[in-house]
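Novice: Mind looking over this structure? Questions follow.
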Amino acid sequence: MQTAKENGLQPFGFLKYLFEQLPNIDTSNVEAVDKLLPWFSAIPDHCQSPVFIAHEK
């Protein structure tokens, strides 16, 4: 969870996203798993911390 926080994500929102996505991907596919890592640039906005977003502006 610290890595998620360090990447500007809300821990609860990020975990919810992971639990929704993991059953639907092939976990042996490294590329698919990489897209779920907290530093991936396309993590949905609802996982982003509003404080982190405001800080970037």
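Novice: I'd like to verify a number: residues in region 1-53 that are assigned to a loop (DSSP other than H, G, I, E, B) and among the aromatic types (Phe, Trp, Tyr), how many? So that I can check it myself, show each step before the final result.
Specialist: Filtering region 1-53 for residues assigned to a loop (DSSP other than H, G, I, E, B) gives 1, 7-8, 10, 25-29, 35-44, 49.
Filter again for among the aromatic types (Phe, Trp, Tyr), leaving 39-40.
Matching residues across region 1-53 total 2.
Novice: Please go through region 1-21 and pick out each residue that is in contact with a Cys (Cβ under 7 Å, 6 or more places away or on another chain) and open to solvent by 60 Å² or more (accessible area, probe 1.4 Å).
Specialist: The initial filter retains those residues of region 1-21 that are in contact with a Cys (Cβ under 7 Å, 6 or more places away or on another chain), namely 9-10, 13-14, 17.
Listed by number, the list holds a single entry, Gln10.
Novice: What residue, among those in region 22-57 that are of a type in the set (S, T, N, Q), within 17 Å of Thr3 (Cβ to Cβ) and surrounded by 10 or more Cβ atoms within 10 Å (Cβ to Cβ), is modelled with the highest pLDDT?
Specialist: Residues of region 22-57 of a type in the set (S, T, N, Q): 24, 27-29, 41, 48-49.
Then keep just the ones that are within 17 Å of Thr3 (Cβ to Cβ); that gives 41, 48-49.
From the residues that got through so far, the ones that are surrounded by 10 or more Cβ atoms within 10 Å (Cβ to Cβ) too are 48-49.
Details: Gln48: 93, Ser49: 90.
The residue in question is Gln48.
The values are calculated or read from the model by the stated rules, or taken from the named source; none is laboratory data. Since the structure is predicted, the reported quantities are computational estimates derived from the model, not experimental observations. Backbone-built Cβ (ideal geometry, glycine too); neighbour counts: all protein chains shown. Ligands, DNA and RNA are stripped out before the accessible areas are found, and what is left, the full protein with its side chains, is counted by its heavy atoms. Shrake-Rupley method; radii C 1.70, N 1.55, O 1.52, S 1.80 Å.
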